[in-house]
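Have a look at the structure below, then the notes.
The values are calculated or read from the model by the stated rules, or taken from the named source; none is laboratory data. Predicted, not measured: the structure shown is a model, and the values here were computed from it. Counting neighbours? That spans all protein chains shown, and the Cβs are built from the backbone with ideal geometry, glycine included. Please note that ligands, DNA and RNA were not included when accessible areas were found on the heavy atoms of the full protein model with its side chains. Shrake-Rupley method; radii C 1.70, N 1.55, O 1.52, S 1.80 Å.
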Amino acid sequence: MSQQYPENSWVHLDRSHVWHPFTQEATAPPPIPIASARGAWLHTTDGRKIMDLISSWWLCVHGHAHPVIAAAIAQQARQLEQVIFAGFTHEPAVRLAQRLTDRLPPGLSRVFFSDNGSTAVEVALKMAIQYHRNLGTPRNRIAVLQGGYHGDTVGAMSVGRSSGFFEPFTDYLFRVDTIPFPETWEGDDQVENREETALAALDRLLSQHGQELAAIILEPLVQGASGMRMCRPMFLQKLSQRIHQAGGLLIFDEVMTGFGRTGTLFACEKGGIIPDIICLSKGLTGGFMPMAVTVCQQKIHDAFLGDTFDRALAHGHSFTANPLGCAAALASLDLFASGEPLQNCARLETIHRQRLQGLITHPRVTKPRCTGVIAALNVANPGSSGYSAAIGPKLKQFFLDRGLLIRPLGEVIYLLPPYCLTDEELHTAWDAIHEALDTVT
Ligand SMILES: *Cc1c(COP(=O)(O)O)cnc(C)c1O
């Protein structure tokens, strides 16, 4: 934190009292104090503006501080801020559940509320395991895709163990069966081979242990945290057929891909795939409130019915179905209903594709790729690679110096902007990426 802040400023207290997420505090530059935000822009306390090109960790789909959502939360706060959700209910939760199930693929009709992406995943896993147990045919294996990330709680870490973030905890994580992820990119001519390898691994697992497989959990179309790695809808269709044939449940973690990121409201729509369970969070409230849902097929819900509590799902959080979160999510869905956000996604995707095309022959670019508003590329020969690649922090600083929040995942540069971003603003970001590729080493 530089001299510009007065000695008694709250900004200095950050370093003595706050512990930041995913941060090595000994080496990270001081955090940037933000006073307010609007649309695609963050406003620092010292009067600078920063363009938020990652939607503040993939949250604010409509941009920051959208007045419609802000007003909905304020109004709800004056009426009902919170109420216990066991034995009680309230209109915002019921309306939200109904609107989500109307918009999701057929059969996804029961909504379980929680607080964040990780808890949505924990709920999905517990639903899947107890579902089979309640049917009288317990199954004890969970399959995942290589590189999948599903959050930072212990169950979510277990299914995301191959993402590489959780080394200190591996002894405490439950075992999973890992299937290769057939990532692909523009101009890739090996994708069929990779998909065949992945499906062959799945077939081997199912022939040996098909009866024991409770579920597979995966991020459809785009693996976020492991570097915006993309696969084809066709692969997911083939995978889902096999899982269903084996009697396993298909869990889609759409915590990041949900609410327009891939160009459709949900990624599962792209392949016409109907998961048994879907996890949503991040964009659910337009990025305003910590809230998540785990939505399941009716048959899963029904398997928990019975005369005794031991058949019920013994899970709940203090803030389950928080009315302020529900109000924000309803307002966000109203915005989506106008059609404008998804039109904006298409507009941004067109620019992404143009600009990626212009970089395809750049000597430092590999694996250029785009799905919806998510565009990514790898910087070739970064020295070290992976999340802790040395080039990452240098690139981040380069972009920040130009007033751009772009936060590479190791050697992967990606954009995941809020949908209100203008064409001109997006071009500015791509110009900076071009410049970084030419100059940052
Ligand atoms: C971010 C993320 C999570 C975890 O969500 P939190 O709200 O950070 O707990 C889970 N799954 C995916 C795909 C994510 O991108």
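Worth a mention:
- Residue under evaluation Ile374, criteria (1) in contact with a strand residue (DSSP E or B) (Cβ under 6 Å, 6 or more places away or on another chain); (2) under 24 Å from Asp423 (Cα atoms); (3) open to solvent by 10 Å² or more (accessible area, probe 1.4 Å), criterion not met: (3)
- Taking the range 40-61 as the range and being charged (D, E, K, R) and either within 16 Å of the ligand (Cβ to nearest atom) or within 20 Å of the chain's Cα centre (by Cα) (or both) as the test, only Asp52 passes.
- Test result for Ala37, in a loop (DSSP other than H, G, I, E, B), of a type in the set (Gly, Ala, Ser), out of contact with any Gly (no Cβ under 7 Å at 6 or more places or on another chain) and more than 16 Å from the ligand (Cβ to nearest atom): no
- Residue selected from the range 432-441 under the condition in contact (Cβ under 8 Å) with a residue 60 or more places away in the chain and open to solvent by less than 20 Å² (accessible area, probe 1.4 Å), by the criterion nearest to Asp46 (Cα to Cα): Ile433
- Residues of the range 273-331 that are within 15 Å of the ligand (Cβ to nearest atom), open to solvent by 40 Å² or more (accessible area, probe 1.4 Å) and either of a type in the set (Phe, Trp, Tyr) or under 20 Å from the mean Cα position of the chain (by Cα) (or both): Lys282, Phe288, Met289, Pro290, Phe319.
Every residue, every condition in (1) over 18 Å from His427 (Cβ atoms); (2) touching a residue at least 12 places away in the same chain (Cβ under 8 Å); (3) hydrophobic (A, V, I, L, M, F, W, C), yes or no:
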{"site": "Phe336", "(1), (2), (3)": "yes, yes, yes"}
{"site": "Asn344", "(1), (2), (3)": "no, yes, no"}
{"site": "His352", "(1), (2), (3)": "no, yes, no"}
{"site": "Leu359", "(1), (2), (3)": "no, yes, yes"}
{"site": "Thr366", "(1), (2), (3)": "yes, yes, no"}
{"site": "Val379", "(1), (2), (3)": "yes, yes, yes"}
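- Residue in the range 247-254 that is within 30 Å of Ser338 (Cα to Cα), aromatic (Phe, Trp, Tyr) and either in a helix (DSSP H, G or I) or open to solvent by less than 10 Å² (accessible area, probe 1.4 Å) (or both) present: yes
- Within the range 174-185, restricting attention to residues that are of a type outside the set (Val, Ile, Thr) and buried (at least 16 other Cβ atoms within 10 Å of the Cβ), the residue that is farthest from Gly224 (Cα to Cα) is Asp177.
- The range 378-431: number of residues that are open to solvent by 50 Å² or more (accessible area, probe 1.4 Å), at pLDDT 95 or above and assigned to a loop (DSSP other than H, G, I, E, B): 4
- Residue check for Met228: surrounded by 23 or more Cβ atoms within 10 Å (Cβ to Cβ), within 12 Å of the ligand (Cβ to nearest atom) and over 12 Å from the mean Cα position of the chain (by Cα): no
- Subset tally (residues that are open to solvent by 20 Å² or more (accessible area, probe 1.4 Å), in a helix (DSSP H, G or I) and free of Cβ contacts under 8 Å to residues at least 24 places away in the same chain) for the range 124-161: 3
- For the range 370-391, the condition of being out of contact with any Gly (no Cβ under 6 Å at 6 or more places or on another chain) and among the aromatic types (Phe, Trp, Tyr) holds for none of the residues.
- Filter pass, Leu356 being under 25 Å from Glu340 (Cα atoms), assigned to a loop (DSSP other than H, G, I, E, B) and of a type in the set (A, V, I, L, M): no
- Residue count for the range 115-172, restricted to those that are within 11 Å of the ligand (Cβ to nearest atom) and of a type in the set (D, E, K, R): 3
- The set of residues in the range 61-79 that are under 17 Å from Met291 (Cα atoms) and polar (S, T, N, Q) contains only Gln76.
- Search result, residues across the range 55-68 that are closer than 18 Å to Ala225 by Cβ and either polar (S, T, N, Q) or touching a strand residue (DSSP E or B) at 6+ places or on another chain (Cβ under 6 Å) (or both): Ser55, Ser56
- Total residues in the range 1-58, condition in contact with a Cys (Cβ under 9 Å, 6 or more places away or on another chain), of a type outside the set (A, V, I, L, M, F, W, C) and more than 16 Å from Phe399 (Cα to Cα): 1
- Helices (runs of 4 or more DSSP H) within the range 52-114 that include 1 or more residues at pLDDT 95 or above, farther than 15 Å from Ala40 by Cβ and open to solvent by less than 60 Å² (accessible area, probe 1.4 Å): 67-79, 91-103
- Annotation note: of Thr184, Thr178, Thr197, the sole residue that is of a type in the set (Ser, Thr, Tyr) and either touching a Cys at 6+ places or on another chain (Cβ under 8 Å) or without any contact (Cβ under 8 Å) to a residue 12 or more places away in the chain (or both) is Thr184.
- Of residues in the range 251-272 being of a type in the set (Gly, Ala, Ser) and within 13 Å of the ligand (Cβ to nearest atom), the one farthest from Leu239 (Cα to Cα): Gly258
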